[in-house]
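The block underneath contains the structure these notes are about, expressed in structure tokens.
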Amino acid sequence: MDIQFLGTGTSTGVPHIGCDCAVCTSSDKRDFRLRSSVLVSEQDRHILIDCGPDFRQQALAAHVSYLDAVLITHEHYDHMWGMDDLRTLGDNHVYAEDRVLAVLQKNMPYCFGENKYPGSPTLHLHTLLPFQTYLIAGIQVIPLRVMHARLPILGYRLNNCAYITDMKSMDEQVLNYLDGLEVLVINALRHTPHPSHIALEEACAWAKRIGAKRTYFTHCSHDMGLYEEVEKSLPENMYLAYDGLRLTNI
Ligand SMILES: [Zn+2]
Ligand SMILES: [Zn+2]
């Protein structure tokens, strides 16, 4: 299985509009972060996790021509509202929990039912429940319940990898589903605490408890600092993800 990081930025992306800090003006490509999303591939099957407003640009850069499934973590703008650009990919199978699917139908009514507008994306909706096991495009998928402040959202375990973004807390029982991971991807916003996202220090503590062989941090803000400096400061087997990073043969 391969994981390609299409975006590793927080909701504003990096650079931050109107900011001239060292990160936002950095010439290191690894400091340039589109909204968070990954493409998980197993042979010729492809699963997209989250489809934010940068999806078009991300799909062009990664030469996406087909998706077997789109998994959504939650309904916030930076995770879901690039979905109109799925229109050129034919039939799309979208997996999320019912609350999120309802928001999708409400916000993109022209894609559904009798109202479906010609040329609009074809979206087949599939409900996910936390902690159930699904086989999606040949990959074992277990949705995990994590909390984004007070909003319950989903992380995902896919075979021996897990992708958790926008998490502020999670129940101890979730750890039972994170045993024996080869790769953990988890959010880390910046250095100082934030009400709805874990900061780097908290992310390192969770990563240590989860004990994946390798951990990559994503959903970073410009306040995280320069990639090159932060990367050097991280504990063993923990890394900052960056846009375009590809993990192969996991
Ligand atoms: Zn987000
Ligand atoms: Zn900045």
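The values are calculated or read from the model by the stated rules, or taken from the named source; none is laboratory data. This one's a predicted model, so the numbers in the text were calculated from it and none came from an experiment. No Cβ is skipped: glycine too gets one built from the backbone with ideal geometry, and neighbour counts run over all protein chains shown. What goes into the accessible areas is simple: the full protein's heavy atoms, side chains included, and nothing from ligands, DNA or RNA. Shrake-Rupley method; radii C 1.70, N 1.55, O 1.52, S 1.80 Å.
Within the set 29, 106, the sole residue that is more than 16 Å from ligand 1 (Cβ to nearest atom) and within 21 Å of residue 240 (Cα to Cα) turns out to be 29. Scanning segment 1-26 for residues that are touching a Lys or Arg at 6+ places or on another chain (Cβ under 6 Å) and away from ligand 1 (no atom under 12 Å from the Cβ), we see that the one that is nearest to residue 72 (Cα to Cα) is 4. Of all the listed residues (77, 66), the sole one being within 16 Å of ligand 1 (Cβ to nearest atom) and loosely packed, with under 15 Cβ neighbours inside 10 Å is 77. Applying the condition of being more than 16 Å from ligand 2 (Cβ to nearest atom), within 30 Å of residue 20 (Cβ to Cβ) and not polar (S, T, N, Q) to segment 204-225 and asking which residue is least open to solvent (accessible area, probe 1.4 Å) yields 217.
From the list 163, 134, 110, the lone residue that is among the aromatic types (Phe, Trp, Tyr) and either surrounded by 20 or more Cβ atoms within 10 Å (Cβ to Cβ) or within 16 Å of ligand 2 (Cβ to nearest atom) (or both) is 163.
For residue 92, the criteria (1) away from ligand 1 (no atom under 16 Å from the Cβ); (2) under 20 Å from residue 241 (Cβ atoms) hold in every case but one, which is (2). Residues that are in a helix (DSSP H, G or I) and within 15 Å of residue 237 (Cα to Cα) within segment 202-211 comprise 203, 204, 205, 206, 207, 208, 209, 210, listed in sequence order.
When you look at residue 231, is it free of Cβ contacts under 8 Å to residues at least 60 places away in the same chain and either crowded, with 22+ Cβ neighbours inside 10 Å or over 19 Å from the mean Cα position of the chain (by Cα) (or both), yes or no? Answer is yes for this residue. Taken over segment 44-63, the criterion of being without any contact (Cβ under 8 Å) to a residue 60 or more places away in the chain and either open to solvent by 10 Å² or more (accessible area, probe 1.4 Å) or within 16 Å of ligand 2 (Cβ to nearest atom) (or both) is satisfied by 44, 53, 54, 56, 57, 59, 60, 62, 63. Restricting attention to segment 166-199, the residues that are more than 16 Å from ligand 1 (Cβ to nearest atom), closer than 20 Å to residue 237 by Cα, open to solvent by less than 50 Å² (accessible area, probe 1.4 Å) and without any contact (Cβ under 8 Å) to a residue 40 or more places away in the chain total 4. For segment 17-38, the count of residues that are of a type in the set (Phe, Trp, Tyr), surrounded by 18 or more Cβ atoms within 10 Å (Cβ to Cβ), within 16 Å of ligand 2 (Cβ to nearest atom) and not in a strand (DSSP E or B) is nonzero.
When every residue of segment 58-65 is checked against the conditions, none turns out to be in a strand (DSSP E or B) and among the hydroxyl-bearing types (Ser, Thr, Tyr).
Scanning segment 217-250 for residues that are over 11 Å from residue 204 (Cα atoms) and part of a loop (DSSP other than H, G, I, E, B) yields 219, 221, 225, 226, 241, 242, 243, 244, 245, 248, 249, 250. Counting only strands (runs of 3 or more DSSP E) that fall entirely inside segment 97-172 and contain at least 3 residues that are modelled with pLDDT of 95 or more and over 19 Å from the mean Cα position of the chain (by Cα), the qualifying elements are 122-127.
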